[in-house]
Amino acid sequence: MCLIEYNFWHNPKRDLPNYVGNYKRTVKRIEDGHRLCNDMMSCIQERAKIEKAYAQQLTDWSKRWRQLVERGPQYGTLERAWVALMTEAEKVSELHQEVKNNLLNEDLEKVKNWQKEAYHKQMMGGFKETKEAEEGFRKAQKPWAKKLKELETAKKTYHMACKEENIASTREANSKGEASVTSDQQKKLQEKLDKCKNDVQKVRQENNCRFPIDILHKENYTCHYDFCHKFVCVCVYIYISGLYVNFFFT
C-alpha cells in the first residue's frame, strides 16, 4: 500500500500544513509579522521610557543629595565617600540614558525600516506579500488538489469493493451450514467471493500506481512554506538577538 493511500484511508491528518487549503495559517503569519513589528516597537519604546525615567531619577537624586552634602558638617573620608556615591549615580544615569538612546535611535529604527521594506500595502487593502504567498501556495497545491479529488473517487470505489467482498464472504460462509443450498449455488457463491477479492486487489494495485508521492509538488510546497516561515521568524529573531546584544554587551 502506498504512503498516500495509507495516510488517507487509515491515518488521515487533514490538519497538517500541507493539506489542501491549510496554507492559510502560514500566510497569516505574514500579516501577523506586521503586527508583531508594531508590538516590538511599542515594547522598545516602553523600555526606553523606563530607562529615561530611571536615568532622570538618578540624576535628580544625585543633584539633591550633592547639594545637601556640600552644605553639611561632614568632612574628610566621609565626605569623599558620600560624594563618590553621587558620582557613581550620575555615571549609572549616563549609562541608562545611553541605553535609551540606542533603543530609540538604533533598534527601533531597524525594526521600523525592516517593516517598511518588507511590507507593501495594496490599494484594495492587505499586503502585497500576503497576496503573493497565497497565490504561490495555491499554485503549488493545484496539482495536489486535483490528485486529491481523484483520490476521493478512488476511495469510494475501494470502499464499495470491500463492502461487496464482505457481503459475498458472509453469504458464502452462511451457505455452508444450510442443507437447502445446492452444490451449484455453493459454487456460484464461491465464484462471486473470488471475483470480489480480485476486484479489491485490482483497485488496490491501481491506486498504488495512480497515486504515488508527488516529489515535485512536495519540494515546491516545502520551498514556499520555508520562505514564508522565515519571512517573519528569522528576521524577528535577528532583531531580538540584536536587542539582546545591545542590552548586555555594549
Potential lengthening between residue 188 and residue 142 on full extension [0.36 nm per residue; Cα-Cα distance subtracted]: 11.9 nm
FRET efficiency estimate (nearest 0.05) - Cβ-Cβ, residue 155 to residue 195, R0 22 angstrom: 0.55
Near residue 188, within a Cβ-to-Cβ distance under 12 Å, what is the net charge of the other residues, with Lys and Arg +1 and Asp and Glu -1? 0
At R0 = 25 Å, how high is the FRET efficiency between residue 69 and residue 101 if r is their beta carbon distance? Nearest 0.05 is fine. 0.25
Going through 28/139; 116/139; 156/197; 156/195; 49/91 one by one, the pairs whose alpha carbons sit over 20 Å apart turn out to be 116/139
Compute the projected area of the convex hull of the Cα atoms of region 141-211, averaged over all viewing directions, and report it in nm² to one decimal place. 4.8
Cβ density ranking, 10 Å radius, fewest first, applied to 50, 44 yields 50, 44
Along region 185-192, Karplus-curve 3J(HN,Hα) (6.51, -1.76, 1.60; θ = phi - 60°) to the nearest Hz, with x for Gly and Pro, reads 5, 4, 5, 5, 5, 5, 5, 5
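Laboratory data are not the source of any read-out in this text; all were calculated from the coordinates shown. This is a predicted model, so every value here is computed, not measured. FYI the Cβ positions are ideal-geometry reconstructions off the backbone, even for glycines, and counts take in every protein chain you see.
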